[in-house]
Amino acid sequence: MTPGAPRTDVDQALLGHATYRSLGEQRLTPAEERFERARRTTGLWLAPLVTVAFLLLPIGMDAGQHTLAAVLIGVIVLWVTEPVPIPIGGLIGVGVIVLLGVAPAADALTPLGSPTLFTFIGAFILAQAMLKHGVARRFAFRILSLPGVGRSTFRLIVAFGAITCVLSAFVSNTATVAMLLPTALGMLAVIAKLLQDRGLVAADFNPLRLRVGAALVLMLAYGASVGGLITPVGSPPNLIGRGLIEEATGERISFTEWMLTALPICALMFAALAVVLLLLNRPEIRRIEGVEEYVRRERAALGPLSRAERNTLAAFGVTVFLWVFPGLVAVFTGTESALYTTISERLNEGVVAVLGAALLFVLPTDWSRREFTLNWSDAAGIDWGTIVLFGTGIIFGSLLEDTGLARTIGSSAASALGLGSVFAITAFAVVLAVLVSETTSNTASAAVVVPIVIPIAMAAGVNPFVPALAATFAASFGFMLPVSTPQNAIAYGSGVVPITTMIRSGVSFDVLGALLIILVLPPLVGLTGIGG
């Protein structure tokens, strides 16, 4: 413990964090500081070097695709090494793309109007209210008070992941993570205070850098991606891939067939996820002794719900209901019904998120003084950097598709590898989908990769069903970077997961998940008869 060091205010640290911080803004050990300085300094010269080197390579690619590939490689180096804040790295790449004539500014910047970005804005504002008024803390204590769960950080993380998986099967992955993130941060706050009260951490420790926090928040993000595979409506790539497969093969995939095929894979993936996260981010404390008494005492101290908490719960409840409703309609009417189509289009998750957040500014806490649940200074404190970061990721994903670079990469690789069997094409489809999803959204990955895989399989005289379904599943992967999925971006925006931790955990799960799809999906398709 540092002598005379001020005691960390855990709640304030989690509420008022800064995701993107310079070395001078962080408390690092000498070894960590040397590593961070080397990593960030390397990026300053490596990013422009690899960009220019790739531009000079005589690879016979279309000029626009060649330039886009070079810039994207440079941006990935900036994202991984962080010589500048990660959102700025993305903005630099977008600026260079326009300057080099890959796309006009108006076309390049159009994806910034994506509904996903509005989902982030609304969800972050809702999370801000839940943290500010203590609703997240109540949720956290409720989960911690479940029999047996609160005694072990391992069981707590696994139970929280299981809840996430089940919810994301029917609610979009992004919405699931957005609604549960405040609870995850609330549980982290409880554990951090427990460590602090017992003297297991320094008085001025940083609760944003606890391994248990990284494991908890990554379980939330990755668990949602795994659970999103369980049903056709769990994630947008599922609907895109299913539609393309049905169009190409003429075989209809029912809701039940999809679930029977996806459930065993998802169960194995979840087990692998728990092992990876708990091994790579081993919690500082395993057994939380005396937590039941601590939770009981703290819950009693919270008292009855305040007016602000009731308003926050009302706004949150309305938002969650509208997020869930299209999935419930799909269960009873199917995803091809006119009712489902209309409702899912009208209740776009981005629009629902901002409308739910808007309720916080009209529900009063003190009408006589015209005070409301949130004010604009609260909203201004959300992590706008993450919103900018994912916006630039969407731009690059859109350009990969518009310029044809993704198709060129896929077709060239397939031709060079001489693929001719179901296993080889399935493995190629999975690897390509994972790689593409690392630098674009999972939705863009499905839209780009599945149309590449189907003609490759047909040209080889192979039924495209299994490779295309494998590509659809793998499109929901991409766990390495914040821009890979909206879930990753939200997790990174929490400030609890350093980029190096996300890369290390994400690469490990990418490899395990890809192997599971390649090895388990083909026999499962034969067993369930899906598409046959």
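Using a ≥ b ≥ c from the Cα gyration tensor of region 259-371 (square roots of the eigenvalues), is it rounded, prolate or oblate, where a/c under 1.5 gives rounded and otherwise the larger of a/b and b/c decides, a/b for prolate? Present the calculation step by step, with values, prior to reporting the outcome.
Working: a/c = 2.73, a/b = 1.01, b/c = 2.71.
Note, shape of region 259-371 comes out oblate.
Enter the angle in degrees (range 0 to 90, nearest 10) between the Cα long axis of helix 115-132 and the first principal axis of the Cα atoms of the chain, meaning the one along which they spread out most.
20 degrees
Let a ≥ b ≥ c be the square roots of the eigenvalues of the Cα gyration tensor of the chain; is it rounded (a/c under 1.5), or, if not, prolate (a/b larger than b/c) or oblate? Write out the running numbers ahead of the final one.
Values: a/c = 1.61, a/b = 1.33, b/c = 1.21.
Since a/c reaches 1.5 and a/b is larger than b/c, the shape of the chain is classed as prolate.
With a probe of 1.4 Å, find how much accessible area the chain has per residue, and write the answer as a whole number in Å².
Numbers: 21080 Å² over 532 residues.
I get 40 Å² per residue for this part.
What is the distance in Å between the Cα centroid of region 175-242 and that of region 36-57?
32 Å
Which peptide among 274-281, 152-159, 336-343 comes first, and what is the full order, when sorted by highest mean count of other Cβ atoms within 10 Å? Can you show the working numbers first?
Numbers: 274-281: 18.8, 152-159: 20.4, 336-343: 13.6.
The peptides rank, most packed first, as 152-159, 274-281, 336-343.
What does the charge dipole of the chain about its Cα centre add up to, to the nearest 20 debye, if the Cβ of each Lys and Arg holds +1 and the Cβ of each Asp and Glu holds -1?
Values: 32 positive and 32 negative charges, 308 e Å.
Magnitude of the dipole: close to 1480 debye.
Which FRET efficiency value, to the nearest 0.05, is calculated for R252 and V431 with the Förster distance at 30 angstrom and r the Cβ-Cβ distance? Could you put the intermediate results ahead of the total?
Numbers: r = 28 Å, r/R0 = 0.93.
It comes to 0.60.
Quick one: with all protein chains in place, what share of the accessible area of the chain is carbon or sulfur, to the nearest percent (1.4 Å probe)? Before the final figure, lay out the partial values.
Details: 13920 of 21080 Å².
Result for the chain: 66 percent of the exposed heavy-atom area is carbon or sulfur.
Place the peptides 478-489, 299-310 in order of packing, highest mean first, counting for every residue the other Cβ atoms within 10 Å and averaging per peptide.
Details: 478-489: 28.8, 299-310: 13.1.
The densest-packed peptide leads the list: 478-489, 299-310.
With each run of n ≥ 4 DSSP H residues scored as -39500 (n - 2.57), what mean residue ellipticity at 222 nm is computed for the chain after dividing by its residue count and rounding to the nearest 500 deg cm²/dmol? Intermediate results must be reported in sequence, preceding the final value.
Details: 24 runs with 377 residues, N = 532.
Rounded to the nearest 500, it is -23500 deg cm²/dmol.
What is the local net charge at P482, summed over the other residues whose Cβ is closer than 12 Å to its Cβ (Lys, Arg +1; Asp, Glu -1)? Present the calculation step by step, with values, prior to reporting the outcome.
Working: positive: none; negative: E82, D383, E438.
Counting the neighbours of P482, the net charge comes to -3.
Using the alpha-carbon centroid of each, what span in Å lies between region 446-465 and region 97-116?
29 Å
From the Cα gyration tensor of region 321-400, with a ≥ b ≥ c the square roots of its eigenvalues, which class applies: rounded if a/c is under 1.5, or else prolate if a/b is larger than b/c, or else oblate?
On the way: a/c = 4.12, a/b = 1.30, b/c = 3.16.
Verdict is oblate for region 321-400.
The values are calculated or read from the model by the stated rules, or taken from the named source; none is laboratory data. Predicted model only: the values in this text are computed from it and were never measured. Virtual Cβ from ideal backbone geometry, glycine too; neighbours counted across all protein chains shown. SASA here: full protein model, heavy atoms, side chains in, ligands and nucleic acids out. Shrake-Rupley method; radii C 1.70, N 1.55, O 1.52, S 1.80 Å.
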